[in-house]
1. Those residues that are under 17 Å from VAL88 (Cα atoms), out of contact with any Phe, Trp or Tyr (no Cβ under 9 Å at 6 or more places or on another chain), in a loop (DSSP other than H, G, I, E, B) and not hydrophobic (A, V, I, L, M, F, W, C), I need them from region 160-199; list them, please.
2. Pull up region 164-180, narrow it to residues that are of a type in the set (A, V, I, L, M) and more than 10 Å from the chain's Cα centre (by Cα), then point me to the one that is surrounded by the fewest Cβ atoms within 10 Å (Cβ to Cβ).
3. Just checking, does region 42-56 include any residue being in contact with a strand residue (DSSP E or B) (Cβ under 9 Å, 6 or more places away or on another chain), exposed (fewer than 15 other Cβ atoms within 10 Å of the Cβ) and at pLDDT 75 or above?
4. Assuming THR156 fulfils every condition listed in (1) over 18 Å from the mean Cα position of the chain (by Cα); (2) assigned to a strand (DSSP E or B) apart from one, which condition is it?
5. Are any of the residues in region 141-148 hydroxyl-bearing (Ser, Thr, Tyr) and surrounded by fewer than 20 Cβ atoms within 10 Å (Cβ to Cβ)?
6. Filter region 65-105 for residues that are more than 25 Å from VAL50 (Cα to Cα) and of a type in the set (Phe, Trp, Tyr); which is surrounded by the most Cβ atoms within 10 Å (Cβ to Cβ)?
Amino acid sequence: MTSLMLRGGLVAALAMSLAAIAVPAAAQTDLSNAQIVQGLQNLTQDAPVVTAASLRQAALDHATMYSGPAAQRPPLAIQLDKLAQINVQIQFKLNSAIILPDSYATIGSIADALHNPVLQGYKFIITGNTDTTGTREINLKLSQERADAVMEALTTTFNVNPARLEAVGLGEEALQDTKNPESPVNRRVQIFNVGPLKR
C-alpha cells in the first residue's frame, strides 16, 4: 500500500537529547511537481546543520546503544522537523535494492522537482528506512543500498547533479510507526533539503 505525506519542515539536529519525530506521515507516489517543490523548499532560518556522516553515525550509535524489541527502544534522537522534506514510498524487489519499474515515475517526479530553478541551489540527503523485519545490521545495510539506488537513479537516469545528493541508510532506527514496527509504512525514502549547495 503506497502512501505519501509532504511535510514542509524536517529536523536534523543530531544531539542525543533532542526529541524524535513522533507523528507518522503517510506516503504515496502520486505527488505533483508543485507539491514536491513546495515540500522541499520550505527550509527554515533556524534549520540545523545536518550531514550524511552525522546521520549515518547517529543511526549506528542508536543500533549499538539500544537493544530489545523496537517498541521498547527510545526513538532515534534526531529531529528532522526543521528541514524541508518529502516522504515517499519507493517499491523495491524483496530483500533487494532493485527499484521496481512502477517506482520510476515517482523518482522522475522527484527529479523534475530537483531540476526546478527554485531548488537548483540546494543540496539534499536521501535516507532509506526499513521496518523491523530482519536483523538491525541487515536493515542498516539494505536501507543504505536502497538510498544509494535512488540516488543513482536520480543522477544517471534523470541527470540530477550528483554533487547535490548524498544517501544514508537509517535502517529500522527511525521508524515512522513505532507502535507497528513491521508495518510497510516504515519502509520509506525521505528526501531532506540540507541547505545551500556550497560551491
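1. Looking only at region 160-199, we keep the residues that are under 17 Å from VAL88 (Cα atoms), and these are 165-172, 174-177, 183-193.
Right, trim to out of contact with any Phe, Trp or Tyr (no Cβ under 9 Å at 6 or more places or on another chain) and you get 167-172, 174-177, 183-186, 188-190.
From what is left, the residues that are in a loop (DSSP other than H, G, I, E, B) are 172, 174-177, 183, 188.
Answer for region 160-199, where residues must be under 17 Å from VAL88 (Cα atoms), out of contact with any Phe, Trp or Tyr (no Cβ under 9 Å at 6 or more places or on another chain), in a loop (DSSP other than H, G, I, E, B) and not hydrophobic (A, V, I, L, M, F, W, C): GLU172, GLN176, ASP177, SER183, ARG188.
2. We begin by selecting, within region 164-180, every residue of a type in the set (A, V, I, L, M); these are 165, 167-168, 170, 174-175.
After this cut, where a residue has to be more than 10 Å from the chain's Cα centre (by Cα) as well, the list is 165, 175.
Details: LEU165: 20, LEU175: 27.
The residue in question is LEU165.
3. Yes.
4. THR156 satisfies all of (1) over 18 Å from the mean Cα position of the chain (by Cα); (2) assigned to a strand (DSSP E or B) except (2).
5. Applying the first criterion (hydroxyl-bearing (Ser, Thr, Tyr)) to region 141-148 yields 143.
Okay, now just the ones that are also surrounded by fewer than 20 Cβ atoms within 10 Å (Cβ to Cβ), so none.
Among the residues of region 141-148, not one is hydroxyl-bearing (Ser, Thr, Tyr) and surrounded by fewer than 20 Cβ atoms within 10 Å (Cβ to Cβ), which makes the answer no.
6. Here the answer is PHE92.
The values are calculated or read from the model by the stated rules, or taken from the named source; none is laboratory data. Because the structure is predicted, anything quoted here is derived from the model rather than measured. Positions of Cβ are generated from backbone atoms using ideal geometry, with glycine treated the same way; all protein chains shown enter the neighbour counts.
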